[in-house]
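The values are calculated or read from the model by the stated rules, or taken from the named source; none is laboratory data. Bear in mind the structure is a predicted one, so any value in this text is a computation, not a measurement. Every residue, glycine as well, gets a Cβ built from its backbone with ideal geometry; the counts of neighbours run over all protein chains shown. Surface accessibility is based on the protein's heavy atoms, side chains included, excluding ligands, DNA and RNA. Shrake-Rupley method; radii C 1.70, N 1.55, O 1.52, S 1.80 Å.
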Amino acid sequence: MRDSKVGIDFNKVERARQAASAIADDVQAFVDCYTTVTVERTLCRFIGIDGVDESDVPLPNVVVNFLQKNDMLSDGALFYIANAMKATGKSPQQIAEELDKELIDLRSFPVLSPQEVADTLEPLIEEGMKRIEARRKKREQYLQTIGEGAKPYLYVIVATGNIYEDVVQAQAAARQGADIIAVIRTTGQSLLDYVPYGATTEGFGGTYATQENFRIMRKALDEVGEEVGRYIRLCNYCSGLCMPEIAIMGAFEGLDVMLNDALYGILFRDINMKRTLVDQYMSRTINGFAGVIINTGEDNYLTTADAVEQAHTVLASDFINEQFALRAKLPEEQMGLGHAFEMDPMLKNGFLYELAQAQMTREIFPKAPLKYMPPTKFMTGNIFRGHLQDALFNIIGIWTHQGLQLLGMPTEAIHTPFMSDRYLSIENARYIFNNMKDIGEEVSFKPDGIIQSRARLVLDKAINLLEEIQEEGLFTALSKGIFGDVKRPVDGGKGLDGVAQKGERYYNPIIGLMHKGKIAGKL
């Protein structure tokens, strides 16, 4: 049994994992029986359908909208595309273009046997797998040749709304010392049931997540990475109504980190829970195969609920997110499970409570590159106090060996950060990370003191919560407001009409192939 600096009992940790596993198994039994419009659009993109029609409707949407309109979604897009390919000899892209112009009808072609469907699609599926594999190998080659920054990775954001301005700011941040650049997504994109196309120069609060924007930023970061002699990771968001679609775009274009939480869209964007839980499984399968680190969003719970009283909900959600990720065969080394430094700075001994929780989280998830989020809720616009709050956050980050340290900005609560603001934040973190590098190995905690008592309390409350959720099921628990004090009805929210039960003819071999890490050969 491992020793614990914060004095937690690892038998209790195992008990929490067992409850979370049972919760995930219950949900997975549902997920395995359903598909969604987003999953089917993802499969269209995987086999080469791309671009938009004359009205700027993405062609994957054209195909899947036709299936949905004609009650064909249960059979899945691949089945109908294979039928059309065999009958016409045309590519999926050509079929989508002709469907858009109403030159063909996907209902009109002879029905293939399951083996004929598989044989027809095999070359395309193999090509898609190889495309992702090539991107992953390119990342690995960079890491082997020019290397990367030390953990915690310095993680900063750009959010101009213009991808070309984002490039300028991202390259500047890399030169200042950043290891991960997150391109913040424009406000409201998570609620679009399609992915915009091409390079974009107008966004509010961020920049549209498009495949072309991914390509532009990846190229820019590779260039600056070669310049500074350090691989720079690119982060974006595969959350919302297009979760797996954006995951496949990121896999094709070489993203390294994706915001990909199982519950965030349900709680904070009011997306239907059935839709989200099916979509997260597909998206995490893709991210696992592509070598992408996922970031989960537990920190958001503490912006709507009290960070002291509700800390155990963050830990409980981490356990659940871990189990969902494992079922998608996403390795622990790619699970950027989330937590946050969000207690009121006026709280007596708040730093000790935060330290207890960060150390506890690190011990419970030892292989995970934990994503540690900076103070936001109690940032006031006082840049001097804010800079101090961020410094305390950075101290805990290095002390407890966090993986991804999203740097706070002194101007939080004032405006989107300037390059100078970002420089101050990176300078703050680099100073502390170097000056306190080995403090975690040098300092132990008082037995049964404030820190150990806090960690035990949070773990105990998380176990109780997980066992309560296990008893009533996650769907019911979410409807009661179990996380973040946010209640969501099982059949409410956005996107439920895009969920369909799989029929007997349904075909999607990609999940199984990705789980096996299989690239080529008979499907």
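Here the scattering of segment 393-511 is modelled by Debye summation over its C-alpha atoms, one equal scatterer each and no solvent; at q = 0.11, 0.13, 0.22 Å⁻¹ the log10 of I(q)/I(0) is -0.80, -0.95, -1.15. Largest first, the extents of the alpha carbon coordinates of segment 238-333 on the three principal axes equal 41, 27, 20 Å.
Computing Rg and Dmax of the Cα atoms in Å for the structure here picks out one of (i) 28.8, 100; (ii) 23.1, 75; (iii) 26.5, 82, namely (ii). Taking Lys and Arg as +1 and Asp and Glu as -1, the other residues whose beta-carbon sits under 15 Å from that of D100 total -4. Surface composition of the chain: carbon plus sulfur atoms contribute 50% of the solvent-accessible area (1.4 Å probe, protein chains only, all chains present). Cross-link partners for K502 among the lysines, with Cα-Cα distance under 23 Å and sequence neighbours closer than 8 places in the same chain left out: K69, K86, K274, K329, K494, K516.
Most tightly packed first, judged by the mean number of other beta-carbon atoms within 10 Å of their residues, the peptides 89-102, 356-369, 213-226 read 356-369, 213-226, 89-102. Distances between placed amide hydrogens fall under 5 Å for V52 paired with L59, all partners being 5 or more residues away or on another chain.
Considering only I510, I450, A429, whose Cα is most displaced toward the positive end of the charge dipole of segment 395-523, charges sitting on Cβ of Lys, Arg (+1) and Asp, Glu (-1)? Farthest towards the positive pole: I510.
The figure for K138 is an accessible area of roughly 90 square angstrom, using a 1.4 Å probe on the protein chains alone. Segment 108-148 and segment 242-315 have Cα centres separated by 24 Å. With θ taken as phi - 60° and the Karplus curve 6.51 cos²θ - 1.76 cosθ + 1.60 applied, the whole-hertz 3J(HN,Hα) list for segment 483-494 is 10, x, 6, 10, 9, 10, x, 4, 9, x, x, 8 Hz, x standing for glycine and proline. For segment 1-117, the normalised intensity computed at q = 0.14, 0.16 Å⁻¹ comes to -0.63, -0.75 (log10 of I(q)/I(0), Debye sum over alpha carbons, equal scatterers, no solvent). Per residue, the solvent-accessible area of segment 436-483 (1.4 Å probe, heavy atoms of protein chains only, all protein chains present) comes to 51 Å². Karplus-derived 3J(HN,Hα) values for segment 501-509, using 6.51 cos²θ - 1.76 cosθ + 1.60 with θ = phi - 60°, are 6, 5, x, 5, 8, 5, 9, 7, x Hz; glycine and proline are entered as x. The DSSP beta bridges internal to the chain are antiparallel in roughly 15% of cases.
Summarising the amide proton neighbourhood of K494: residues at separation of 5 or more, or on other chains, whose placed amide H is nearer than 5 Å comprise I271, N272. Accessible surface area normalised per residue over segment 250-322 is 14 Å², counting heavy atoms of protein chains with a 1.4 Å rolling probe.
A simple packing score, the average count of other Cβ atoms within 10 Å per residue, orders the peptides 403-416, 446-459 as 403-416, 446-459, with the highest score first. Taking all protein chains together, M258, M346 sort by accessible area into M346, M258, largest first [probe 1.4 Å]. Converting phi to 3J(HN,Hα) with the Karplus coefficients 6.51, -1.76 and 1.60 and the offset θ = phi - 60°, segment 419-426 yields 4, 5, 4, 5, 4, 4, 5, 5 Hz in sequence order, with x at every glycine or proline.
In this structure, the amide hydrogen of A182, modeled 1.01 Å from its nitrogen in the peptide plane, lies closer than 5 angstrom to those of V156, I157, V158, C235, counting only residues at least 5 positions away or on a different chain.
Where a ≥ b ≥ c are the square roots of the eigenvalues of the C-alpha gyration tensor, would you call segment 26-184 rounded, which needs a/c under 1.5, or, failing that, prolate if a/b is larger than b/c, or oblate? Prolate, because a/c is 1.5 or more and a/b exceeds b/c. Charge tally for M373 (other residues, Cβ to Cβ under 12 Å; Lys, Arg +1; Asp, Glu -1): -4.
Where nothing but the Cβ of Lys and Arg (+1) and of Asp and Glu (-1) is charged, how large is the charge dipole of the chain around its Cα centre, in debye to the nearest 20?
Working: 55 positive and 71 negative charges, 175 e Å.
About 840 debye.
Placing one equal scatterer on every Cα of segment 356-437 and applying the Debye formula, the log10 ratio I(q)/I(0) at q = 0.17 Å⁻¹ is -0.66. With only the Cα atoms considered, segment 303-402 has a convex hull volume of 96 Å³ per residue.
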